[in-house]
Every structure is written in structure tokens, then in C-alpha cells.
Amino acid sequence: MVSVDLLLTTNEWNSKVIVILSDSIDCDSSDPIVRKRSEEILKRDVSWAGHLQCSGYTMIKLRHGNNLNLARVMLQKIKGVILVQVPLYNAAVAQALWRRDLSEENVLDLNRQDAWQWWNRFRCAADFDIKLRVVLEFNEIEEPNLDIVHRWLGEPIEAVVIPSTMFTRDCQNNPSLSEAWQKILLHFLQLNVNIILATAAGANNANFKLHSDYLRNFRDVHKDAQRLQDSDDILKTQSSPLYGNFDCRAHEIFEKKSMKYEFYQNAIAAALIDRVSDQEIDDKLTVIMILGAGKGSLVQSALNAAEYTKRKVRVYIIEKTHNAIRTLAAMTEKFWSTKDVRLFSSDMLEGSPPEKADILVSELSGSFKDHELFLERLDYAQHFLKPDGISMPSQSISYVNPIMSFKLFNDVRQIVHKRNFAPDRQGDYHSHSETGLAAPSKGIYNIGIPQPLFTFLHPSRDAFIDSSLYKILNFSVKMDCVLTGVCGYLEITLYGDIVIRSVNSCTHTHCLPSWLHTYFPLTNPLEMKRGQIIEMHFWRRATKTKIWHEWCLASPFTTRIYKSANNSYSICCT
């Protein structure tokens with residue numbers, strides 16, 4: 001007889017096989033004999049799994065919330081990724097919650113039996129280990145409400161398990177999921193999770209193929225239209241335009257979607273129509289000034305707007321990046337030679353164009369605006385604008401909200417974990433926890449709806465502008481969860497009712513992948529209970545030399561004050 005470990009190569013065991021541990025063990029049994037025997041079986045199975053694969057996937061199924069001893073044994077032995085299988089929700093609890101005869105104590109006890117609580121208790125005991133992933137098993141009795149689904153989206157979901165018994169037959173006798181479960185599955189497909197089809201032993205192979213074909217086709221048909229590229233699916237330190245020259249790829253990231261420039265084009269067109277009447281088309285010239293043109297998308301938007309409205313324009317380009325100047329010069333010669341386009345190689349803080357602008361256009365705004373020194377540079381650029389001139393954007397509002405996202409939390413931890421020779425790893429993690437990071441918008445549970453933080457008008461007509469601001473926000477916790485950080489977003493009004501919002505799952509403008517949100521991580525995750533109020537304090541601090549943020553929680557826990565001035569996230573003004 002050939003030993004099973006010889007049937008596949010080591011690489012195949014690691015990449016193509018999931019080792020499933022016995023689900024009949026109970027390492028947390030109240031019976032000491034059962035508990036000890038379960039530990040022995042688990043250690044034996046884990047040892048064999050480690051022999052077959054050194055860095056593969058091992059899956060264990062949770063059947064209740066009492067799993068602390070199980071977590072202890074598992075974490076001591078497993079080498080690779082631990083897949084923890086839990087039901088999407090505890091059907092028995094969901095049904096019992098409809099009863100009116102339950103006391104408050106009964107409800108609290110039921111909440112502790114929530115399937116998410118099983119998982120949360122297990123991973124807390126495992127100290128939020130990076131190698132822990134979730135495998136969600138769909139329940140076939142009834143579908144959960146969206147609050148339950150949304151909370152799971154903030155967890156490190158590796159796969160979903162769909163029992164074959166959940167399928168029904170359509171009018172052509174083909175397998176299908178109900179419409180309600182299709183919508184739930186779509187939420188998880190946005191996270192690019194794997195799908196596991198579960199069927200009983202000895203099931204009809206033909207039915208299995210039909211079910212798997214249906215799921216494969218469903219996944220292909222509903223591919224996320226906003227799926228981020230691989231380079232956008234990781235945390236990034238946010239860039240500042242004040243230092244260095246963006247390379248060609250950086251500019252392509254900022255300009256790779258046309259929808260943002262359609263918004264700008266529409267805003268410029270609306271402003272041109274408002275400033276120049278039909279009777280003045282032939283005589284009145286509008287000066288448009290572009291602050292930071294990159295690869296020329298904003299310039300083309302302005303020229304398109306002029307052509308569409310049949311207004312005469314002169315476009316000034318103020319660009320400081322030397323390499324971008326070469327690109328813009330070539331485009332001016334090749335594409336805009338018949339247009340009134342004038343290029344200035346200068347920083348807006350130093351340049352002095354020969355005339356002032358009727359319309360001042362900038363896209364310095366980003367995911368939270370301050371990482372681009374948005375406010376200070378736009379305020380300084382006001383001397384380019386005529387007294388009755390129009391600024392685009394005309395208003396900017398930053399938003400924040402508390403979130404649970406273990407994908408983002410683990411990404412920060414992995415950055416630190418990879419620095420094997422760091423003399424002070426904890427200090428290094430503190431540095432990252434005080435850094436605003438550009439992050440993808442997926443894998444997030446919004447604990448509260450984003451609330452407005454700071455609002456600025458452009459141009460500001462005030463003689464003195466105090467850009468050091470402070471605000472307190474309160475968020476109500478709807479479900480038990482774990483707070484891992486704060487997200488920052490930006491909403492800018494270009495002109496009139498033309499608004500662009502940074503990417504977030506509550507309200508956003510589609511197809512703006514260069515506007516990832518800003519993630520402010522907490523050093524340690526904090527468990528939140530339903531009904532608690534999160535009191536968040538946020539400061540925007542500014543001096544003559546730099547700008548930074550400070551933030552903390554005051555309730556239900558008081559955290560230290562995070563200060564981005566302590567690390568590279570602070571933005572120098574000179």
C-alpha cells in the first residue's frame with residue numbers, strides 16, 4: 001500500500017489540498033476524559049497535517065462558543081494558515097430572538113451564542129493571529145439580515161461553504177439559489193473569496209457538476225466591475241506632492257479612470273455657460289488655470305468643455321514636476337498646437353502667470369485631502385484667481401467613521417512582522433499605527449455611518465484662515481464588533497451640484513480607484529458592544545512648517561492620543 005503522503009508532491013499538498021481536522025473532538029468539554037482524549041486526537045491530526053504540508057491550509061470547525069482550549073492547542077502546532085469554519089449565523093439564536101417572552105438576561109445569553117461570537121472568542125484567545133482565516137458556512141433554513149452579513153465583511157474571509165441542499169430547481173430543472181441568497185453571495189464575491197460546494201457522501205456526481213457549474217457561472221457573470229488592481233489591493237503610505245517627482249506609473253494610477261475627468265469636464269462646461277452668455281461667445285475669453293496637470297487629463301477636460309460649450313478659452317498649466325513637464329510639452333506640441341494652451345514649469349507657491357484666472361482647477365484632493373496639503377496650497381493659489389473667479393473644487397468636506405477590518409489590521413501587522421531585524425518591533429508598529437494609509441475600500445464593516453469632520457470653502461474670502469481644527473464625533477454601535485481603526489474620506493463639490501466622493505461603501509462616486517480611503521489603525525483592537533457610544537476626538541494641527549492629525553477615543557474606552565506628527569505621515573510645508 002502506498003502511503004498517502006507519497007500521492008502528491010509537497011508543493012501540491014501545500015497549494016491544492018485543505019487538511020480538514022476531525023469535527024467530533026471537544027477540547028473544551030466539561031468531562032476531563034473527553035477533553036484530554038480530544039486534545040490527543042487533535043495533536044495527532046495536526047502533527048500529520050504538518051507532515052503533509054509545511055505552509056498549507058488546515059481547517060477546523062467551531063460548533064459552539066466555548067473554544068479557548070481548542071485555540072490554545074491549535075496555535076501551538078499549526079504551521080500554515082488556519083481556516084476556522086463557522087456558520088454564517090446561528091439559526092437557533094436567530095429564531096429565538098423573535099420570541100417576546102425572553103428576559104434581558106436570556107437575550108444576552110443568546111447573543112453570546114451568536115456564531116460571530118464563537119469566532120471572536122476563538123481569535124481573541126489566539127491573540128488575533130495573522131494566520132487565522134474564516135470559512136463561512138451558509139445556512140439553509142433562512143437567510144440572515146444584512147447587518148449580520150455586513151459585519152462578517154470586516155473579517156478575514158477566505159471562503160464560503162454552500163451546501164448542495166440549498167439549491168432549488170428552476171423551470172428548466174436547472175439548479176439555482178434563491179434570489180435572497182444570491183444577493184448575500186454577491187457581498188462576499190466582492191472580497192474575491194473562494195466558494196466551497198458541500199455535498200453529502202455518495203451524492204450524485206451529475207448533480208454535483210450542475211451545482212458547481214452554476215456557481216462558477218454565477219461568479220463569472222457577477223465579477224465586480226470595480227475590482228481593484230493587485231497594486232491597489234494593499235495598504236500604501238500616502239504621497240505628498242511637495243517632495244520628489246511622481247513617476248509615470250504614479251500618474252497613471254491617479255488618472256487611469258475617465259469618470260473623474262468627466263465630472264471635471266461637466267463642471268467646467270457648466271461654469272463656462274454661467275460666465276459667458278450666448279451673446280458673448282465670439283468676444284469673451286475665459287482664462288482657465290490648471291494647478292498640477294500630471295499627464296494632461298485635466299487639460300483635455302477643459303478643452304473638451306470649451307469645445308462642447310463653444311466658448312473661447314485660454315488654458316494655463318502650472319506644473320512643478322520636471323518629468324511631467326516633458327510629457328505635457330510633447331502633448332502641447334502634438335495634440336494642442338491649435339489651442340491656446342500655455343505651459344509653466346513652476347511650483348504654484350512660486351509661479352506668477354501673466355494674468356489671473358476666471359476658473360482655477362485643481363485635483364490635489366485625495367482620499368482625506370490633507371495628505372496632499374490640499375487646504376494650504378489651494379488657499380495660497382487664490383492669488384491666481386480673479387475676485388469673481390471660480391475655484392474647482394469650491395468646497396471640500398472630510399468624513400470619518402469607526403470600522404472593523406481585520407484585513408487592514410493584519411496588513412499593518414504583516415508590514416511590521418516582515419521586518420525581522422527591527423530592534424524595536426513594538427515601536428515600529430506604533431509608528432505604523434500613527435500613519436494614515438491609503439487603503440482599498442473592501443473587507444470593511446462600517447461600525448457607524450461616516451460623519452462630516454472638517455468643511456472648507458474655496459476660495460476662502462476670510463482675511464485669516466485658522467487651519468488648526470478640533471471636533472468631537474459620536475457613533476452608536478449597532479452590533480457587537482471589534483474596532484480596529486478609523487476611516488477617512490473626502491467629498492468635494494466641483495461646481496454647483498457636481499460632487500465627487502471618495503470611495504466608501506456608504507456613499508461614493510464609482511470608478512475612482514485613485515481615491516482610496518485613508519485608514520488610521522489602532523494599535524490594539526477594541527471589543528465593542530451593541531448600544532455603546534464611540535466618542536472620537538479628532539484634531540487637525542498646523543504650523544508654519546508642517547501639518548498633522550491627532551486623534552483618540554474617549555468612550556467607551558480611552559485610548560492614547562495618536563499623533564501623526566511623530567512619523568512620516570506629517571506633511572512638511574516647506
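The values are calculated or read from the model by the stated rules, or taken from the named source; none is laboratory data. Nothing here was measured: the structure is a model prediction, and the numbers come from that model. Ideal geometry is used to build each Cβ from the backbone, glycine not excepted, and the neighbour counts take in all protein chains shown. Remember, those area values only see protein heavy atoms, side chains included, never the ligands or the DNA or RNA. Shrake-Rupley method; radii C 1.70, N 1.55, O 1.52, S 1.80 Å.
Which ones in region 13-27 are surrounded by fewer than 18 Cβ atoms within 10 Å (Cβ to Cβ), under 22 Å from residue 118 (Cβ atoms) and not hydroxyl-bearing (Ser, Thr, Tyr)? 18, 20, 23 - these are the residues of region 13-27 that are surrounded by fewer than 18 Cβ atoms within 10 Å (Cβ to Cβ), under 22 Å from residue 118 (Cβ atoms) and not hydroxyl-bearing (Ser, Thr, Tyr).
Among residues belonging to region 469-492 that are under 19 Å from residue 518 (Cβ atoms) and either of a type in the set (Gly, Ala, Ser) or open to solvent by 60 Å² or more (accessible area, probe 1.4 Å) (or both), point out the one that is modelled with the lowest pLDDT.
Initially, region 469-492 is screened for residues under 19 Å from residue 518 (Cβ atoms), giving 469-471, 473, 475, 483-492.
Filter once more, so that each one left must be either of a type in the set (Gly, Ala, Ser) or open to solvent by 60 Å² or more (accessible area, probe 1.4 Å) (or both): 470-471, 485, 488.
On the way: 470: 94, 471: 95, 485: 92, 488: 88.
Restricting to residues being under 19 Å from residue 518 (Cβ atoms) and either of a type in the set (Gly, Ala, Ser) or open to solvent by 60 Å² or more (accessible area, probe 1.4 Å) (or both), the top hit is 488.
For region 288-305, a tally of residues being surrounded by fewer than 22 Cβ atoms within 10 Å (Cβ to Cβ) and over 31 Å from the mean Cα position of the chain (by Cα) returns 2.
For region 291-303, the condition of being free of Cβ contacts under 8 Å to residues at least 24 places away in the same chain and either closer than 23 Å to residue 263 by Cα or of a type outside the set (A, V, I, L, M) (or both) holds for none of the residues. Based on what the data block shows, is residue 495 at pLDDT 90 or above and either β-branched (Val, Ile, Thr) or within 18 Å of residue 259 (Cβ to Cβ) (or both)? In short, yes. Taking the criterion of being among the β-branched types (Val, Ile, Thr), open to solvent by 30 Å² or more (accessible area, probe 1.4 Å), out of contact with any Gly (no Cβ under 9 Å at 6 or more places or on another chain) and modelled with pLDDT of 75 or more, would at least one residue in region 336-346 satisfy it? There is at least one residue in region 336-346 that is among the β-branched types (Val, Ile, Thr), open to solvent by 30 Å² or more (accessible area, probe 1.4 Å), out of contact with any Gly (no Cβ under 9 Å at 6 or more places or on another chain) and modelled with pLDDT of 75 or more. Here residue 525 meets the list (1) within 20 Å of the chain's Cα centre (by Cα); (2) surrounded by fewer than 21 Cβ atoms within 10 Å (Cβ to Cβ); (3) at pLDDT 90 or above; (4) closer than 29 Å to residue 267 by Cβ almost entirely, failing just condition (4).
Does residue 120 qualify as being over 30 Å from residue 449 (Cβ atoms) and either touching a Phe, Trp or Tyr at 6+ places or on another chain (Cβ under 9 Å) or not charged (D, E, K, R) (or both)? Write out each step before concluding.
Working: over 30 Å from residue 449 (Cβ atoms): no; either touching a Phe, Trp or Tyr at 6+ places or on another chain (Cβ under 9 Å) or not charged (D, E, K, R) (or both): yes.
So residue 120 does not fit the description; no.
Can you spot a residue in region 190-200 that is over 16 Å from residue 214 (Cα atoms), over 26 Å from the mean Cα position of the chain (by Cα) and open to solvent by 10 Å² or more (accessible area, probe 1.4 Å)? Within region 190-200 (the criterion being over 16 Å from residue 214 (Cα atoms), over 26 Å from the mean Cα position of the chain (by Cα) and open to solvent by 10 Å² or more (accessible area, probe 1.4 Å)), the answer is yes, since at least one residue qualifies.
Within region 43-63, can you find the residues that are of a type outside the set (Ser, Thr, Tyr), open to solvent by 60 Å² or more (accessible area, probe 1.4 Å) and in a loop (DSSP other than H, G, I, E, B)? Answer for region 43-63, where residues must be of a type outside the set (Ser, Thr, Tyr), open to solvent by 60 Å² or more (accessible area, probe 1.4 Å) and in a loop (DSSP other than H, G, I, E, B): 54, 63.
For every residue, the table says whether it meets (1) modelled with pLDDT of 85 or more; (2) within 16 Å of residue 522 (Cα to Cα).
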site: 348; (1), (2): no, no
site: 368; (1), (2): no, no
site: 376; (1), (2): no, no
site: 391; (1), (2): yes, no
site: 441; (1), (2): no, no
site: 446; (1), (2): yes, yes
site: 454; (1), (2): yes, no
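When residue 328 is tested against (1) touching a residue at least 40 places away in the same chain (Cβ under 8 Å); (2) in a helix (DSSP H, G or I), just one condition goes unmet, and that condition is (1).
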